[in-house]
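The values are calculated or read from the model by the stated rules, or taken from the named source; none is laboratory data. Keep in mind it's a predicted model, so treat the numbers as computed, not measured. Cβ coordinates were reconstructed from backbone atoms using ideal geometry, including for glycine residues, and neighbour counts include every protein chain displayed.
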Amino acid sequence: MSHSRWKTLRERKLAEGLTEPEDVAEARREIRLSMALAQAVYDRRTELGLTQTELADRAGLTQAKISRIEGSDTVPALPLLAKLAKLAKALNATLNIALDNDDTRVSFTGHRTDAA
């Protein structure tokens, strides 16, 4: 079954009032968070003109870990969140995570480097 056909079938079933099992809904939320984090890290890294290796060196992580984060191959868990604090520091930014039912937003806000 193609992805578009599966999606249409899923949407039709949901419209008919059927609900997803809670474990499926939770997995879907985790995937959205992982993808939002991946995009935020990639966007900030490229904004700074850093390679994955340069970012890994700055954050005290491995290039492979940066690649897994950017590839959304990792679902954020408590140990990863501790590493994300290092990552935010290496990106000279604050990590912002907003979680709502179906709305997940992850972004980095760059620190001002202006001398007042």
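Checking each residue in region 47-83 for being within 17 Å of Leu95 (Cα to Cα), free of Cβ contacts under 8 Å to residues at least 12 places away in the same chain and in a loop (DSSP other than H, G, I, E, B) picks out only Ala77.
Looking at Arg10, Arg32, which is the one that is modelled with pLDDT under 85 and surrounded by 14 or more Cβ atoms within 10 Å (Cβ to Cβ)? First the steps, then the outcome.
Working: Arg10 fails: surrounded by 14 or more Cβ atoms within 10 Å (Cβ to Cβ).
Going through Arg10, Arg32 in turn, just one is modelled with pLDDT under 85 and surrounded by 14 or more Cβ atoms within 10 Å (Cβ to Cβ): Arg32.
How many of the residues in region 87-107 are at pLDDT below 85, under 19 Å from Thr46 (Cβ atoms) and of a type in the set (D, E, K, R)?
Of all residues in region 87-107, those at pLDDT below 85 come to 97-106.
With the extra rule that they be under 19 Å from Thr46 (Cβ atoms), the set shrinks to 105-106.
Filter again for of a type in the set (D, E, K, R), leaving 105.
Qualifying residue count for the region: 1.
So which residues in region 48-64 are surrounded by 14 or more Cβ atoms within 10 Å (Cβ to Cβ) and of a type outside the set (Lys, Arg), if there are any at all? Spell out the reasoning first.
From region 48-64, those surrounded by 14 or more Cβ atoms within 10 Å (Cβ to Cβ) are 48, 50, 52, 54-59, 61, 63; that's our starting set.
Matches in region 48-64: Leu48, Leu50, Gln52, Glu54, Leu55, Ala56, Asp57, Ala59, Leu61, Gln63.
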